[in-house]
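Undergrad: Let me give you the structure first, and then I'll get to my questions.
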């Protein structure tokens, strides 16, 4: 199995145009802007799937996350990456992915142009052991308390905040 650090990733500019290709390791080392997908997985009753990342992840290791997803490979579309990530991380081979909105995020650890998708699925899931330690559906009424007590990926929280604003409008 190839080393994920060697995977080629498109480096993009602020307008999402590909300007170069670099390895995942270089992307992380130099915090280069790249593409990512975020998938909000909701149960039919509206609970959000929250998972804990493995401690071996290259960014936000051991954190909880409100979105599954990941880096878009070189030459891969957002939609293809979202379908791949859903299949790899949760074992969902079929299902409807609804594109929601683009997102840009930047901090000291990561710089992404992303696309957010929604998937309604009640499970069961087959969690990818190299990516996810555990996961569960969390009702909206309990989510804020968890976010206040546990470490969550900040980019996922930014995606969730934007999603909630759109749901209110």
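Bear in mind these aren't lab numbers, they're just calculated from the coordinates by the rules spelled out. Small disclaimer: the values here were computed from a predicted structure and weren't measured. Cβ sites come from the backbone with ideal geometry, for glycine too, and all protein chains shown count toward neighbours.
Undergrad: For the range 1-72, please list each of the strands (runs of 3 or more DSSP E) lying entirely inside it that holds at least 2 residues being buried (at least 18 other Cβ atoms within 10 Å of the Cβ) and under 17 Å from the mean Cα position of the chain (by Cα).
TA: By residue number, 8-12, 34-42, 48-53, 68-71.
Undergrad: So, one more: Pairs under 6 Å by beta carbon, first residue on the phi > 0 side of the Ramachandran plot and touching a residue at least 24 places away in the same chain (Cβ under 8 Å) in the range 90-102, partner surrounded by 12 or more Cβ atoms within 10 Å (Cβ to Cβ) and outside any strand (DSSP E or B), six or more apart or different chains?
TA: Hits for this filter: 91/125; 91/126; 95/121.
Undergrad: Out of curiosity, is residue 79 crowded, with 16+ Cβ neighbours inside 10 Å and touching a strand residue (DSSP E or B) at 6+ places or on another chain (Cβ under 9 Å)?
TA: On the way: crowded, with 16+ Cβ neighbours inside 10 Å: no; touching a strand residue (DSSP E or B) at 6+ places or on another chain (Cβ under 9 Å): yes.
No, not satisfied.
Undergrad: Now, a different point. Restrict the check to the range 135-149 and report whether at least one residue is in a loop (DSSP other than H, G, I, E, B), surrounded by 13 or more Cβ atoms within 10 Å (Cβ to Cβ) and touching a residue at least 60 places away in the same chain (Cβ under 8 Å).
TA: Our first condition is that a residue be in a loop (DSSP other than H, G, I, E, B); within the range 135-149, this holds for 139.
Narrowing the set further to residues that are surrounded by 13 or more Cβ atoms within 10 Å (Cβ to Cβ) leaves none.
No, there is no match, as no residue in the range 135-149 is in a loop (DSSP other than H, G, I, E, B), surrounded by 13 or more Cβ atoms within 10 Å (Cβ to Cβ) and touching a residue at least 60 places away in the same chain (Cβ under 8 Å).
Undergrad: Give the range 1-32 a look and list any residue that's at negative phi, in contact (Cβ under 8 Å) with a residue 24 or more places away in the chain and out of contact with any helix residue (DSSP H, G or I) (no Cβ under 9 Å at 6 or more places or on another chain), or say none.
TA: Scanning the range 1-32 gives 10, 12, 14, 21, 27.
Undergrad: Which residue is farthest from the chain's Cα centre (by Cα), if the candidates are limited to the range 108-121 and must be surrounded by 13 or more Cβ atoms within 10 Å (Cβ to Cβ) and over 17 Å from residue 83 (Cα atoms)?
TA: Our first condition is that a residue be surrounded by 13 or more Cβ atoms within 10 Å (Cβ to Cβ); within the range 108-121, this holds for 109-121.
Filter once more, so that each one left must be over 17 Å from residue 83 (Cα atoms): 109-113.
Numbers: 109: 15, 110: 12, 111: 13, 112: 11, 113: 12 Å.
Here the answer is 109.
Undergrad: Then there is this: When you look at residue 167, is it without any contact (Cβ under 8 Å) to a residue 60 or more places away in the chain and in contact with a helix residue (DSSP H, G or I) (Cβ under 9 Å, 6 or more places away or on another chain), yes or no? Let's see the steps before the verdict.
TA: Working: without any contact (Cβ under 8 Å) to a residue 60 or more places away in the chain: yes; in contact with a helix residue (DSSP H, G or I) (Cβ under 9 Å, 6 or more places away or on another chain): no.
The answer is no for residue 167.
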